[in-house]
Amino acid sequence: MSLIGARLRDLRQNRNLTLKQVADETGFALSFLSLIERDKVSINVDNLARLARFYGVRMVHFFQSADESPILVTRRGEIASQTRGVGPASAEFRLLAHRADARMEPLLIAIGPGHGDPHYRTHDGDSLLYVAEGRVRLLTEGEETVELAAGDCAYYFGFPGRRIENASPEHPAAILLVTTPPTTLRDDVADATSGVLIQSEEM
């Protein structure tokens, strides 16, 4: 937990905040925050997520290696293997930029045949959706539907809510979805040890 304590302390100090200010804003006891920063107690995922939201960082900030390259590369083979592995009732997500200081959140999403997101999602930033393979539908809460084929892209705002579904009942689809600013929407499926792979999830 020493990495987490040090990074929490750095976040607070970089924002010129006192422990009391953080305690007042988050509802945590001042003594608890002090113990966490000094690695005297552990912190559960829910409490860490609260602090991440307060500081405006993604959860992977607390787990990533300090000596990462400034260039993050995802090879074509990795993308292709992910698309091949997705089943008809599932979707897989891969976060392509897992640095804590990333100013965009690019997600590679493989969607199984006939599958889709059952929930409309909103966020404060804009989004760029690029269809790498297959066909998808972009649906809005206002009942607008846009069909996109491989090579098409759509730029849209965070409101109203939108959801994405695979338009084909037989073939998987692969999309690149880039949002800004980074959200915490997918933190619950991130592999915290590496911050890279995101597990399968029903959309």
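Here the spin labels are modelled as points 7 Å beyond Cα on the Cα-Cβ line, and at Leu177 and Ile71 they lie 2.9 nm apart. Here's how it looks for Asp152: its modeled amide H is under 5 Å from those of Val131, which are all 5 or more places away or on a different chain. Computed from backbone phi with θ = phi - 60° and the Karplus coefficients 6.51, -1.76 and 1.60, the 3J(HN,Hα) list for region 138-143 is 10, 10, 10, 5, x, 6 Hz; x is used for glycine and proline. How compact is region 2-56 by the rule of thumb for globular proteins, expressed as Cα Rg over 2.2 N^0.38 Å? Cα Rg divided by the expected 2.2 N^0.38 Å: 0.98. Counting beta carbons within 10 Å around each of His115, His123, His171 and listing the fewest first gives the order His171, His123, His115. Each other residue within a Cβ distance under 15 Å of Thr145 adds +1 if Lys or Arg and -1 if Asp or Glu, for a net charge of -3. Close amide H contacts of Arg135 (hydrogens built in the peptide plane, cut-off under 5 Å, sequence separation of 5 or more or a different chain): Ala167, Ser168.
Convex hull of alpha carbon positions in region 43-180: directionally averaged projected area 9.4 nm².
Where a number appears in this text, it was derived from the coordinates with a stated rule and is not lab data. Worth saying up front: this structure is predicted, and the values here are computed from it rather than measured. Note that we place each Cβ from the backbone using ideal geometry, even for glycine, and neighbour counts take in every protein chain shown.
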